[in-house]
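Every number in this text was worked out from the coordinates using simple rules, so none of it is lab data. The structure presented is a predicted model; accordingly, all values stated were derived computationally and were not measured. Positions of Cβ are backbone-derived with ideal geometry, glycine not excepted, and every protein chain shown enters the neighbour counts.
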Amino acid sequence: MESIIRYTHDMDWQELRLFPGTAEVKVLRDEAPGGARTVLVRVPPGGQIRPHSHLAGVQHFVLDGNYETQGEVFGAGTYRFLPKDANVAPITTKGGVTILMIYDPIG
């Protein structure tokens, strides 16, 4: 595999299509279907990510803002891991949030 360098400030935000919700995304790495993926997801104030599940484990690291799910609030600096086949409850944000998401392929 070759090195990948992305200057995220030079990248445009794109409409989220990876999972259901009102958000924007910057794709930093996207290997073949079923492979690893790294993305920045920005959910605007009042936005939400609707319930869904993952085919692989996914790591969340909150860069800015906060989000709430299942009665818990995850703020800037919080790390969260969701295992393969996890059912993701609705994720909401009042003030907006930016999350680094890293998808781990599981063989």
Exercise. Within the range 41-70, which residues have the backbone N less than 20 Å from the label spot 7 Å out from residue 9 along Cα→beta-carbon, could you tell me?
Key: 41-42, 63-65
Self-check item: Spacing of the two label points (7 Å from each Cα toward its C-beta) at residue 70 and residue 32, in nm
Solution: 3.4 nm
Exercise. List every residue whose amide H lies under 5 Å from the amide H of residue 52, counting only residues 5 or more places away in sequence or on a different chain, with H placed 1.01 Å from N in the peptide plane.
Key: 88
Quiz prompt | Cut-off 9 Å between beta-carbons: net charge of the residues surrounding residue 23, Lys and Arg +1, Asp and Glu -1 | solution = -1
Practice problem: Note the per residue figure in Å³ for the convex hull of the C-alpha positions in the range 33-88. | Solution: 97 Å³
Self-check item: Net charge of neighbours whose Cβ lies under 15 Å from the Cβ of residue 63, counting Lys and Arg as +1 and Asp and Glu as -1
Solution: +2
Quiz item: Once label points are set 7 Å from the Cα along Cα→Cβ at both residue 63 and residue 17, what is their separation, rounded to one decimal in nm?
Solution: 2.1 nm
Quiz item: Lys/Arg Cβ at +1, Asp/Glu Cβ at -1, dipole of the chain taken about the Cα centre: which of 40, 21, 89 is farthest positive-ward?
Solution: 89
Practice problem: Please work out whether the chain counts as rounded, prolate or oblate from its C-alpha gyration tensor, where a ≥ b ≥ c are the square roots of the eigenvalues and a/c under 1.5 means rounded, while otherwise a/b larger than b/c means prolate and anything else oblate? | Solution: oblate
Quiz item: Mean separation of Cα pairs under 8 Å and 6+ residues apart, divided by the residue count of the chain: what relative contact order is that in percent?
Solution: 29 percent
Quiz prompt | Simple Cβ-charge dipole of the chain, Lys/Arg +1 and Asp/Glu -1, about Cα centre, in debye nearest 20 | solution = 160 debye
